[in-house]
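Presented below is the structure to which this report refers.
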Amino acid sequence: MQIAPTADGFTWTWVNCEDRLDLILWKIIYSAGELLTATVLSRLRECAADDCSFLFVDLSRNNRRCWCDMEDCGNRFKAKRHYERSKKKTV
Ligand SMILES: [Zn+2]
């Protein structure tokens, strides 16, 4: 990796390693390191869905985000809750 200039500062870039098979592993390690050393670590959350263990950084205003993705896990939870509530009404 090396530091390269951008329009508004500097960034890390991967150099001469596009054909390396282990590049994806190094990118994952780099991302994990960035996350663990970030100031937002206190807002790191695990998705609340029973069948999902994705991690995300909760940047919501009230710091109460539950799902890794509202379109996926959040909607599945809402649909399941709606089904269970409507099932109780009919019983
Ligand atoms: Zn999820």
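Quick notes on this one:
- Estimated from helical segments only, the mean residue ellipticity of the chain at 222 nm is -11000 deg cm²/dmol, where each DSSP H run of four or more residues counts as -39500 (n - 2.57).
- Of the three principal axes defined by the Cα atoms of the chain, the extents in descending order read 64, 33, 23 Å.
- Between the residues 49, 23, 37, the greatest Cα displacement towards the positive end of the dipole of the range 1-61, with unit charges on the Cβ of Lys, Arg, Asp and Glu, is found for 37.
- Relative packing of 33-40, 70-77, 49-56, 3-10, which averages over residues the other C-beta atoms within 10 Å, highest first: 70-77, 49-56, 33-40, 3-10
- For the range 51-57, 3J(HN,Hα) per residue [Karplus equation, 6.51 cos²θ - 1.76 cosθ + 1.60, θ = phi - 60°, Hz, x = Gly/Pro]: 9, 9, 10, 5, 9, 8, 9
- Principal-axis tilt of helix 23-37 within the chain, Cα atoms, nearest 10 degrees: 70 degrees
- Full-stretch length increase - residue 3, residue 59 - with 0.36 nm per residue and alpha-carbon distance subtracted: 17.5 nm
- Relative to the longest principal axis of the Cα atoms of the chain, the long axis of helix 75-90 makes an angle of roughly 10 degrees.
- Percent of Cα-Cα distances greater than 12 Å, calculated over the range 43-91: 64 percent
Where a number appears in this text, it was derived from the coordinates with a stated rule and is not lab data. The structure displayed is predicted, hence computed values, not measured ones. In this analysis, Cβ positions are derived from the backbone assuming ideal geometry, glycine residues included, and neighbour counts consider all displayed protein chains.
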